[in-house]
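The structure under discussion appears below in the form of structure tokens.
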Amino acid sequence: MTLTLGDRVRIDIPDELDPDFNLHSEHAIVPDNDPGRCICGCEVFYKVALEIQELSIEMHPWNMRPPIEPLPPVESHSPDPAERV
């Protein structure tokens, strides 16, 4: 899965014994498409920003899937209620 800046992903960690299992099925946004590496350089990580809380974490690419739910539409709101149609 190739990730680009602003991509929305679903976290996929089905193993209940994994310490990050509580994030399974949560959605996140990729704020930076420049993958980092672990200290030994053997594994690639992507930073993702969770939608459910103000938290950014590093995830393996194999723990991310395309989102289940599309992004909710952004509605434009006029500050003046009389201008709404």
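Side notes on the structure shown:
- Relative packing of 12-19, 60-67, which averages over residues the other C-beta atoms within 10 Å, highest first: 60-67, 12-19
- Only Cα pairs under 8 Å and 6+ residues apart enter the sum, and on that basis the relative contact order of the stretch 8-69 stands at 34 percent.
- Taking a ≥ b ≥ c as the square roots of the eigenvalues of the alpha carbon gyration tensor, the stretch 8-69 is oblate, as a/c is not under 1.5 and a/b does not beat b/c.
Quick note: the coordinates plus some simple rules give every number you see, no bench work behind them. Everything quoted here is computed from the prediction, not taken from an experiment. FYI the Cβ positions are ideal-geometry reconstructions off the backbone, even for glycines, and counts take in every protein chain you see.
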